[in-house]
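First up is the structure itself, then whatever we jot down about it.
The values are calculated or read from the model by the stated rules, or taken from the named source; none is laboratory data. This one's a predicted model, so the numbers in the text were calculated from it and none came from an experiment. Glycine also receives a Cβ, built like all others from the backbone with ideal geometry; neighbour counts cover every protein chain displayed.
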Amino acid sequence: MLRRFEALLEPTSAEPVEPPTGGLLRFYWHFIRQVPWLTGALFVAGGVIAVLDTMIPTFIGRLVSLVSSHRPETLLPDAWPQLAVMAGVLLVLRPLAHLGHTILVNQIVNTGFSNMIRWQNHWHVVRQSWTFFQNDFAGRIANRVMQTGPALRESLVMTFDAAWYILVYGSSAILLLGSVNWRLAAPILAWFIFYAGMLRYFVSRLRDRSRTASEKRSTLIGRVVDSYSNILTVKLFARARDEDAFVRDSIEEHTGAFRAQTRMTTAYTVTLSVMNACLVVATAGVAVWQWTLGHIALGIVATAIPLAWQLTNIAGWVARSITAIFENVGTVQDGMRSIAVQRLMPDPPEAAELHVTGGAIRFEDLHFDYGRIREGEAPGVLHGIDLAITAGERVGLVGPSGAGKSTLINLLLHFYDPVSGRILIDGQDIAGVTQESLRTQIAVVTQDTSLLHRSIKDNIRYGRPQATDAMIEDAARRAEAHDFIVGLEDWFGRRGYDAHVGERGVKLSGGQRQRVALARVILKDAPILVLDEATSALDSEVEAAIQDQLDVLMEGRTVIAIAHRLSTIARMDRLVVLDRGRIVETGSHTQLLAHAGVYARLWQRQSGGFVGDGLKAAAQ
C-alpha cells in the first residue's frame, strides 16, 4: 500500500521547463504549483487533524458534565450515544487522519517532493555557464542544491501544521468559551494579541539571522571541500596549518552568526513561556471565579483549563516550529543564490542545431575582453582576430603564455561571448546554434585532464554513450592505454575497465589520465578536433607511440592544436602565431623559421624535441 502512495510522485519523471527565479514566495510557488494535489492534501489533512485534536478538551469538559449530572447507574443508559461518538472520534477518525497525514509526509513529501526539488535544482545548475562555476566553490553550490529541497519541504509542512493549529485552537477556544461567558475568552484573546505582536517582532529578525547563518554554513562547507579537493597541493607544500586557519576563520564566522540566531531563538522561547504561564493562570482564575459566582457549570471549568493548557502546548510546539521554519527558510534563501539565478549565456530562443558538413572554421574580426582594462592599453584579450581554417586543415596555435590561444579555443566552444565579431562553422554563426550541438561536434583534449570518479569504462564511454565494450577497448588500444588499464585494481577489488579512478582521476598518473582522455576523444569521433597541450603529460616514448594514432585521428578532420613544445605541432599544415591577442605570423614551420620572427625566436629557445629529419634539416 505504501509503495502505491510513493509511486504518486516520481522525482525525476520530467525535465524542468524553466528555472525558478524571483523572490522567496515565487521560488516556493515554482515547486508547489507542480504538485497542487499534494499541497491541497497536506493543507486539508492538517486542518482535519487540528479540528479533531481541538475536540479533546471539549470531550473532557463534556465527560465531566455527564458524570456530575448523572448517578452511576443512569450514566451509561442515558449517555451512551454521546460516549460512543467521542470514542469513535478518538479511536477511529483521529488515528485515520493521522495515518493519512503521515503517509502524505513520509511517503510522498519527504522522499518524492524533496528529491524532485533536488533534481530540478541540479538540472538548472548543471546547465549554467562555465563562468558560473569558476566564480564559486563547487562544495558550496552542491550544498545549496542538496539542502534546499529538504529545507523547502520542512518549512512548507511545518507552516501548514502550525497555522492550522494556532487558528483552529485559538478560534475554537475563543468561540466556545466566549459563547458561555465572555470573561473566559478574555485571557485567550489578550494572549493572541500579544502573540501576534511577538511574532511581528521576532519573525523578521529570525529570518534574517537564519539566512546569515545558512550563508556562513555554505561558505564553511565550500572551504572544507576546497581543501579536500586540493589535498595533494596541501600535502606537497606542507600547508595544513594554513588550511586550518582558512577553515577556522569560516567556522568562527559561522559560530558568530549561529549564536546570533540562537540568542534570538532563546529570547523568543522565553517570552512565549511567560505568556503561556500567564494564559493558564488567568484562564484558570477566571473560570474558578465565575464558577464560584454560579455563572458557569463545572463542566465549563473542566473544558476551559485543559483548552488553555493545550493551547500553550500547541503554542510551544509552534514556537519550536517557527524557529525551525525560519532556519529552513534561511537555507532556502541561501540556496536561491545558486539556484534562482538567471542562466548566463543561455541559448537564444531560435537557436538551431549545428550541422557540420566539412568543418570549416572562420573567426571574423574577433574581439574579446575578460573585463580587465589597463590604463594606457587597448582593452581586451583578443584584438581583431581574422582567421579562416578550411575543412580538414590542421592548424597549430603558437605564442607565449597569455597570448590568447586558450581564449580563442574557449570562444570557439562558446564558453564566452565575444565583445564583437563572430565565429562561423561551415557558414553557421555559433551564436545562433545550441551550445550542446556545438560541443557535440568538437572533440577536445586539454592539458589539465580531469576524469569523473567512475570506472575507466564509464570515463571513456563519455565520448559516445552508446558505445559497446569492444569499441571502448579499441579506443583505449589506439590511445596506448589498454596495457595499463588491464592491470588496474581499485580499493573495492574492481579490475581493469571496471576500476574506478578516484575524484578527478587522482589514482592515475598524469600520463595515464591523458591517455584515457585521448581514448575518450577517439571514441567521440567528432569532425573538429582541438588538442590543447594534448601530449604535455606524456613522456617522449609514449608520445612517439601514440603519434601515429594521432595522425590517423586527425585525418579528414579540422584540427586546432596548441602546444608550448613546438616540436609536437611543427608538422601541422599551418602555424598561426599569436602575441598579445593579435595574429602576428602565419605560415608553415619552414616558412616561419625563414621569416626569423616571433616563432623563430620561440623555436630557438627550445631544444627542438623529436622531429622528423626533414624538419631538422629545415631548422638548420
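Being in contact (Cβ under 8 Å) with a residue 24 or more places away in the chain and within 30 Å of Ser214 (Cβ to Cβ) holds for only one residue in Ile296, Ile325, and it is Ile325. Considering region 190-240, the residues that are basic (Lys, Arg) and without any contact (Cβ under 8 Å) to a residue 12 or more places away in the chain include one that is surrounded by the most Cβ atoms within 10 Å (Cβ to Cβ), namely Arg239. Residues in region 513-550 that are in contact with a strand residue (DSSP E or B) (Cβ under 7 Å, 6 or more places away or on another chain) and at pLDDT below 85: Asp532, Glu533, Ala534. For region 493-512, the set of residues classified as within 29 Å of the chain's Cα centre (by Cα) and either of a type in the set (A, V, I, L, M, F, W, C) or modelled with pLDDT of 85 or more (or both) consists of Asp498, Ala499, His500, Val501, Val506, Leu508, listed by residue number. Just wondering, is there one or more residues in region 380-400 that are among the charged types (D, E, K, R), assigned to a loop (DSSP other than H, G, I, E, B) and modelled with pLDDT of 90 or more? Yes, region 380-400 has at least one match.
Filtering region 586-602 to residues that are touching a residue at least 12 places away in the same chain (Cβ under 8 Å) and over 16 Å from Ile389 (Cβ atoms) leaves His589, Thr590, Leu592, Leu593, Gly597, Val598, Tyr599, Leu602. If the condition is being in contact (Cβ under 8 Å) with a residue 60 or more places away in the chain and aliphatic (A, V, I, L, M), then region 138-162 contributes Ala138, Ile141, Ala142, Val145, Ala151, Leu152, Leu156, Val157, Met158, Ala162. Any residue at all in region 179-199 that's under 33 Å from the mean Cα position of the chain (by Cα) and at pLDDT below 80? Yes: region 179-199 contains one or more residues that are under 33 Å from the mean Cα position of the chain (by Cα) and at pLDDT below 80.
Working only within region 555-596, note down all residues that are assigned to a helix (DSSP H, G or I) and among the small types (Gly, Ala, Ser).
Answer for region 555-596, where residues must be assigned to a helix (DSSP H, G or I) and among the small types (Gly, Ala, Ser): Ser567, Ala594.
Scanning region 401-438 for residues that are assigned to a loop (DSSP other than H, G, I, E, B), of a type in the set (D, E, K, R) and farther than 16 Å from Met345 by Cα returns a single hit, Asp426. Going through (1) in a helix (DSSP H, G or I); (2) closer than 30 Å to Val395 by Cβ one by one, Gly358 falls short only on (1). The residues on offer are Glu252, Glu243, and the sole one that is of a type outside the set (Ser, Thr, Tyr) and out of contact with any Ser or Thr (no Cβ under 9 Å at 6 or more places or on another chain) is Glu252. Cβ-Cβ distances below 6 Å connect the following pairs, each with a first residue in region 420-441 that is under 16 Å from Ile560 (Cα atoms), a second residue that is assigned to a strand (DSSP E or B) and among the β-branched types (Val, Ile, Thr), and a separation of six or more residues or different chains: Ile425/Ile361; Gln441/Ile528.
Comparison of Ala45, Ala50 shows that the only residue that is touching a His at 6+ places or on another chain (Cβ under 6 Å) and either among the charged types (D, E, K, R) or assigned by TED's automatic domain parsing to the domain that holds Ile305 (or both) is Ala45.
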